[in-house]
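Derivation of every value follows stated rules applied to the coordinates shown; laboratory data play no part. All values reported here derive from a predicted model rather than from experimental measurement. A quick note on method: Cβ atoms are made from the backbone with ideal geometry, for glycine too, and the neighbour counts reach across all protein chains shown.
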Amino acid sequence: MVNSLRFGLWAVGIASAILLPLISALGFRTAFEHHVQHSSIAELEADLRFMTRGLKLENGVVVLVPKTLPDPRFEEPLSGLYWQIVDDKTQTIVRSGSLVTFTMKLPDDVLPLNTIHRHAVKGPDDVDLLLLERRIPEGVEGKHSWRFAVAIDRNLLKSQVDAIMLDTAPVFILLGFALLIITFVQGSMLMGPLNQASHALALVRAGRQERLTDMVPNELDTFARDFDALLDAGERQAREARERAADLAHSLRTPLAVLLARADEIEAAGQVGAAATIRDIVTGLEHRATRDLARANIHGPNLGRIVELQLTPIIHQITSALARTSTTENLTWDVQVDPAHKVRLDQSDLTELIGSLLDNARKWAKSRIKIATISDQTSLRILIEDDGPGIEPHQRRMALSRGQKFDANLSGTGLGLSIAQEIVQAYGGSLDLSDGLLGGLRVTLELPHTNFGSGPIQLA
């Protein structure tokens, strides 16, 4: 998961869809709290100015005639809006109806004339109040003055903020969903080229395309060219390795022939044991050279150009060639292969695989060889059986080993089944030997439709 680009995109997208609306909501709430507080302070200042109009001059004496503020909440008990006037000389207190009998305790600070101070005080039921006060003197000397105070419950301010946040919550939720949708769209756009490249790789792997170039988006063109160059280099090295192995195998044939001739001379001289030893060594070397030459020609899923091949034409071509060279009279080739069945193998590997198995069946069959195919969703099975003597169960593993022959009078090196098994395993398949319905040996090849093996072919 740590190395998953898709997981990283979704993790960042989900985190953004959660954090950005939260941060936006917190920022909006902070800004709106400042706005509500400033608006409330402006209204309270206006209320203070209105209250000071209650000072009247009657008969040369300033008297207080409290004026009722326009907002009716000032007269509703414990409404959250309060005013209070204190006579500094007589300590007479006049209060709003909303305070009932409660007296707001004004701070003992020095309050210059005609200036407004702002305080945080406690109100009824110990609630927090935002209080503004102003001192108005009676005359120029200011020996007699009144302290006008107006306050608002901070819970009222908070309730306004909570209300607007509740109203705007759907907006922030929609913002989160919008960010998720944007993340999904952006992730799809970013993953699209990678998915296209992955699909192109699958086509190359399956043999439906040879190279990546021109199959991937422009952003991955450099990667495709480098990958194709790597494939070309790998194929070139594999081809050179096969050629060197073939050259080595062919170069051994002449020295081995000379050794066999020398063995005949030694045997003629009476050294039968030494001649037999030389022949055994030469025979082993011949088998090894033949085997390595055959294995060098196996392309495998990683080295060859794998294409989708129809089985029917190749099988008919091989059976026709073997029928012309068969020494068995009236040999019947019963081909029951569905024309729609296809395999994805290198063509030379498929020809070598089917050819070696049919040639082995031809050598042992008495009168009939049957070839059939069975396909399901995961694999294709090719069944080849004959009416020959078959192979005993305890000898079947030995039959798949290197150079094992059960009849020295028959031509060949005994490598057919072994090489066929290596080709099948190179493509992630399997080869099984069992008793056939015709009385002889049945060889069952099982080849996967797409998932080829990726292991290297052993050339040792």
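What order do you get for His449, His199 when you list them from fewest to most C-beta neighbours inside 10 Å? Walk me through the numbers on the way to the answer.
Working: His449 16, His199 13.
Final ranking by Cβ density, sparse to dense: His199, His449.
Starting with the fewest neighbours, write out Lys67, Lys370, Lys363 ranked by other beta-carbon atoms found within 10 Å of each beta-carbon. It would help to have the intermediate numbers written out before the result.
Working: Lys67 13, Lys370 21, Lys363 18.
Going from sparsest to densest Cβ surroundings: Lys67, Lys363, Lys370.
Segment 190-257 to segment 343-368: how many Å between their Cα centroids?
Spelled out, the Cα-based centre of one part sits 27 Å from the other.
So for segment 5-159, averaging the separation of alpha carbon pairs under 8 Å that are six or more residues apart and normalising by length, what relative contact order in percent results?
20
I need Glu385, Glu422, Glu43 ordered by Cβ neighbour count within 10 Å, fewest first.
On the way: Glu385 25, Glu422 20, Glu43 15.
So the residues, fewest neighbours to most, are Glu43, Glu422, Glu385.
On alpha carbon coordinates alone, what is the Rg over Rh value for segment 86-169, Rh being the Kirkwood radius? Could the numbers behind the result be given before it?
Numbers: Rg = 16.0 Å, Rh = 14.6 Å.
Rounded to two decimals, Rg over Rh is 1.09.
Computed over the Cα atoms of segment 102-234, what is the ratio Rg over Rh, Rh following Kirkwood? Mind dumping the intermediate values first?
Numbers: Rg = 36.8 Å, Rh = 22.4 Å.
When Rh is taken as the Kirkwood radius, the ratio is 1.65.
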